[in-house]
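The values are calculated or read from the model by the stated rules, or taken from the named source; none is laboratory data. Everything quoted here is computed from the prediction, not taken from an experiment. Cβ placement follows ideal geometry from the backbone for every residue including glycine, while neighbour counts extend to all protein chains displayed. Surface areas here come from the heavy atoms of the whole protein model, side chains and all, with no ligands, DNA or RNA. Shrake-Rupley method; radii C 1.70, N 1.55, O 1.52, S 1.80 Å.
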Amino acid sequence: MYTVKEIYYTLQGEGRHTGRPAVFLRFSGCNLWTGREKDRSKATCQFCDTDFVGVDGPGGGKYKDPLSLSEAVEKTWTDAVEFDRNRYVVCTGGEPLLQLDSPAIEALHEKGFKVAVETNGTISLPKGIDWTCVSPKANTKLTVRAGEELKFVFPQKDANPSQFENLSFDHFSLQPMDGPDLAANTAKAIAYSLRNPRWTLSIQTHKILGIE
């Protein structure tokens with residue numbers, strides 16, 4: 001059984017694949033925060049900007065097996081795409097690795113999808129993922145220490161980008177923390193990237209464009 005907040009077709013708004021058409025498969029639940037505002041101040045991650053509670057989004061629900069989940073993702077793609085190529089699904093959350101497993105990945109591969117995951121990196125990866133993006137959070141133990149992309153929300157109290165630079169990722173990016181201090185955080189991220197050119201700037205373009 002897979003509990004899903006929403007499934008929708010959009011453009012990837014941030015990170016290395018910014019602008020790429022994709023189905024977003026958002027799983028419900030996270031291991032660093034309940035998703036409820038009353039618990040935010042006590043959460044390990046206190047700056048999450050995503051609603052991952054429940055199953056009330058488009059395509060949301062409980063899927064009994066990998067096939068039914070992959071069929072829902074495929075329908076979301078084919079209903080939106082004029083020419084059916086370059087199928088790409090981004091598995092996200094909350095924390096997708098609480099639920100995403102190798103049978104689900106295999107089912108998505110059988111539908112022709114490349115499978116990406118956006119994870120906080122505290123849970124081991126299942127086999128078969130094509131693109132791993134880790135977004136580490138302060139005061140957590142990082143289990144996933146290699147992949148295609150490390151995207152650090154910046155700045156974070158008790159964590160610094162430099163502590164992740166020796167990990168085995170192909171790309172490193174800084175994403176300014178959203179909220180009331182976004183302008184100041186963006187300026188800090190720009191300055192840090194200019195001083196440390198291993199890091200590139202990731203902007204949440206979907207928020208600028210007004211898309212999901």
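Miscellaneous remarks
- Candidate set: segment 120-130, residues that are touching a strand residue (DSSP E or B) at 6+ places or on another chain (Cβ under 6 Å) and under 15 Å from residue 25 (Cβ atoms); chosen: the one least open to solvent (accessible area, probe 1.4 Å): 129
- Some residue of segment 32-41 being touching a residue at least 60 places away in the same chain (Cβ under 8 Å), open to solvent by 70 Å² or more (accessible area, probe 1.4 Å) and outside any loop (DSSP other than H, G, I, E, B): no
- Among residues of segment 126-138, those that are in a loop (DSSP other than H, G, I, E, B) and under 20 Å from residue 50 (Cα atoms), counted: 4
- Qualifying positions in segment 158-212 - surrounded by 13 or more Cβ atoms within 10 Å (Cβ to Cβ) and either within 30 Å of residue 59 (Cα to Cα) or among the basic types (Lys, Arg) (or both): 175, 176, 177, 178, 188, 202, 203, 204, 205, 206, 207, 212
- Count of segment 53-98 residues which are more than 16 Å from residue 117 (Cα to Cα), among the small types (Gly, Ala, Ser) and crowded, with 20+ Cβ neighbours inside 10 Å: 1
- Residue within segment 106-116 that is hydrophobic (A, V, I, L, M, F, W, C), modelled with pLDDT of 95 or more and open to solvent by 20 Å² or more (accessible area, probe 1.4 Å) present: no
- Residue in segment 191-210 that is modelled with pLDDT of 95 or more, of a type in the set (A, V, I, L, M), farther than 21 Å from residue 20 by Cα and out of contact with any strand residue (DSSP E or B) (no Cβ under 7 Å at 6 or more places or on another chain) present: yes
- Residues within segment 140-152 that are open to solvent by 20 Å² or more (accessible area, probe 1.4 Å) and either modelled with pLDDT under 95 or part of a strand (DSSP E or B) (or both), tallied: 2
- Screening the candidates 63, 8 for the property of being of a type in the set (Phe, Trp, Tyr) and closer than 26 Å to residue 175 by Cα yields one hit, 8.
- Listed conditions (1) part of a strand (DSSP E or B); (2) more than 20 Å from residue 23 (Cβ to Cβ); (3) touching a Pro at 6+ places or on another chain (Cβ under 6 Å) are all met by residue 117, apart from (2).
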